[in-house]
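Below: the structure, in structure tokens.
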Amino acid sequence: METGWIVQKTREHAGISKRELARRAHTSPAAVVAYESGTRDPTVGTLERLVAATGATLVVEIEPVRHLDPSVSAQRLAEVLELADRLPRRRASRRLAYPPFPHSASPRPG
């Protein structure tokens, strides 16, 4: 789950502004905007402080990693490769389509 979504939804549920959340959590309104927009990720401690400032409690659960079945993964890979073989192919160009490398007018330092 995205931390920005958690911050925004708990704040909205509490019915407080970003500025009020920032004041309660002892951070800046700009930081709250950055967390909610996803341009910055809060640390677990900061996320806990932000959530607590809304009157809620952050609960983190750790679940064991689900192991993939190698035979199922192999079957899916085979299906993807078969699909890729069915895609139309373009003929290779005889010329490179890259722009020319710019030549420098000044001599190289030597």
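Read the figures in this text as sums done on the coordinates, not as results from a lab. Computed from a prediction, not measured in an experiment: that's the story for all the values here. All Cβ positions, glycine included, derive from the backbone under ideal geometry; neighbour counts span all protein chains shown.
Each row is one residue, and each column tells you yes or no for (1) without any contact (Cβ under 8 Å) to a residue 40 or more places away in the chain; (2) closer than 15 Å to Q8 by Cβ; (3) surrounded by 13 or more Cβ atoms within 10 Å (Cβ to Cβ).
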residue: V33; (1), (2), (3): yes, yes, yes
residue: E36; (1), (2), (3): yes, yes, yes
residue: V44; (1), (2), (3): yes, no, no
residue: A52; (1), (2), (3): yes, no, yes
residue: L68; (1), (2), (3): yes, no, no
residue: S71; (1), (2), (3): yes, no, no
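Residues in the range 30-55 that are under 15 Å from the mean Cα position of the chain (by Cα) and of a type in the set (K, R): R40 only. Of the candidates A30, A34, A14, A52, the single residue that is of a type in the set (G, A, S) and in contact with a Lys or Arg (Cβ under 7 Å, 6 or more places away or on another chain) is A34. Within the range 29-36, does at least one residue satisfy the condition of being of a type outside the set (A, V, I, L, M, F, W, C) and within 16 Å of E2 (Cβ to Cβ)? Scanning the range 29-36 turns up at least one residue that is of a type outside the set (A, V, I, L, M, F, W, C) and within 16 Å of E2 (Cβ to Cβ).
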